[in-house]
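Report on one structure; see the data block that follows.
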Amino acid sequence: MTTLVTGARGTVGRSLAGQLAEAGEPVRALTRDPAAARFPPGVQVFEGDLADPGSLAAALAGAERLHLFPFPETAPEVVALAERAGVRRVTVLSSGSVTAGYDTDYQLPVEQAVEASGLEWTHLRPGEFAANRLALWGPSIRAERVVRWPFPDEAGVPIHEADVAAVAVVALLEEGHAGRAYDMTGPEILSVPEQVAAIAAAIGEDVRLEQVSREEALRQLREQGGWAAVNGPFLLGYEGFSAGEEYPEISLEELAPLPTVERVTGRPARSFARWALDHAADFR
């Protein structure tokens, strides 16, 4: 059965398309820019945009499974199109912020659109992505071998995107996962200095951690542009998950690794050190 992966050039989507192809499954990758797409052999590339549901018709034709990237503006229409095309099973890339009650207007509406359909659905709710560090710290590590961050005591339980994709593979291919919402994290709580040290070890060079003010960190992230500029105000505590909300304070006591990845896939979640090694070339 064919799977259509939307958001296929994204962090999870790219890994999911690759893992499905490696498993010998027919897989289609949806992207707005096929000419820029680079996928493993066996992945069919289709042009389309979730902002324009009509552009998904060719990619959906004959697909029985769907991985849905969160785009709340058109989610009900996309889900309806998928049903009419014959899709019967869907995974939704969501977030642990839905479980915590923080997200009300981004991932949650996509989950609700899928739940209101006749599809078999599974929600994927990862916490912090390890890949966020590449977007936030990558430019300064590549240029100066330094990380400038205002919260040296901050800690997290970052998850490897390949583990989120691995849970999606199981939910799409196997029975018994319909109607489940899978909260997931990495396998260990790590401080900012420990994460910086893991990246330094992966690239085989010293990386210095320098504490800066929130204002300076925000200025630098806005200067970087892209994902860092868009998400910087939230990550630095200036904004909440949804419009008009304050940033939620999460204590160290609330952090805990979840066993979801191992329970669903049958193997332990990948460590942050493994993630850093997998992305060492991106930091060089």
Quiz item: How many nm separate the modelled label positions at Trp227 and Asp52, each set 7 Å beyond the Cα in the direction of the Cβ?
Solution: 2.5
Quiz item: Can you pull the Rg over Rh of region 159-238, Cα-only, Kirkwood?
Solution: 1.10
Quiz item: Along the charge dipole of region 29-187, Cβ charges K/R +1 and D/E -1, which of Val114, Leu30, Val146 sits furthest on the positive end?
Solution: Val146
Quiz item: Taking only C-alpha pairs under 8 Å that are 6+ residues apart, what is the relative contact order of the chain in percent?
Solution: 17
Quiz item: So for Ser97, Ser15, fewest C-beta neighbours within 10 Å to most, what's the order?
Solution: Ser97, Ser15
Practice problem: Report the charge-dipole magnitude of region 1-110 in Debye, nearest 20, computed about the Cα centre from +1 at each Lys and Arg Cβ and -1 at each Asp and Glu Cβ. | Solution: 340
Practice problem: Go from 0 up to the bin containing the longest alpha carbon distance in the chain, width 10 Å each, and give me the % of pairs per bin. | Solution: 6, 27, 35, 24, 7, 0
Practice problem: Determine the dipole magnitude for the chain: charges of +1 sit on the beta-carbon of Lys and Arg, -1 on that of Asp and Glu, nothing else is charged, the reference point is the Cα centre, and the result goes in debye to the nearest 20. | Solution: 920
Quiz item: Looking at region 20-117, which trypsin sites (Lys or Arg not before Pro) are in a loop (DSSP not H, G, I, E or B) and have at most 16 other Cβ atoms within 10 Å?
Solution: Arg32, Arg38, Arg88
Quiz item: Measuring from label point to label point, each 7 Å out along Cα→Cβ, what is the Thr265 to Arg208 span in nm?
Solution: 3.7
Practice problem: Choose one of Leu93, Ala57, Ala21: the residue whose Cα lies farthest towards the positive end of the charge dipole of the chain (beta-carbon charges +1 Lys, Arg; -1 Asp, Glu; about the Cα centre). | Solution: Ala21
Quiz prompt | Mean-position separation - Cα centroids, region 174-230 and region 1-51, in angstrom | solution = 25
Quiz prompt | Estimated Rh, region 8-138: Kirkwood, alpha-carbon pairs, angstrom | solution = 15.4
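Taken together, the values in this text are just the output of simple stated rules run on the coordinates, not laboratory data. For clarity, every value in this text was computed on a predicted model and none was experimentally measured. Please note: Cβ atoms are built from the backbone with ideal geometry, for glycine as well, and neighbour counts cover all protein chains shown.
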